[in-house]
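Reviewing the structure listed below.
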């Protein structure tokens, strides 16, 4: 068993402010996943990409697993997160269904 490595993470002030997103678009190729985090206001038909994250497939799957684990912990503490049926909401996180 390998010893645990300590990773020091630097958080620049501008990144520490965070970016609010209420719409994410996910596309992929054989070698990478691309997630564009956008923000769209109600009644608008245009959204601006504020951040693009590019991941190797293994890292995308690890991220999905980490999110799933953290959502479970959140719901155990605060209760179930209610998600509307896909056809009921106009803004949210979507995936590219053309592939």
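Bear in mind that the values in this text are calculations on the coordinates, not laboratory data. Just so we're clear, the structure is a prediction, and the values are computed from it rather than from any experiment. Note that each Cβ is placed from the backbone with ideal geometry, even for glycine, and that neighbours are counted across all protein chains shown.
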_Give me 46, 52 sorted ascending by neighbouring Cβ count inside 10 Å, so fewest comes first._
46, 52
*Which value at 222 nm does the chain reach when only helices count, each DSSP H run of 4 or more adding -39,500 (n - 2.57), with the total divided by all residues and rounded to the nearest 500 deg cm²/dmol?*
-8500 deg cm²/dmol
*residue 71 versus residue 9, label points 7 Å from Cα toward the beta carbon: distance in nm?*
2.0
*Ranked by how many other beta carbons lie within 10 Å on average, peptides 20-29, 36-45 from highest*: 20-29, 36-45
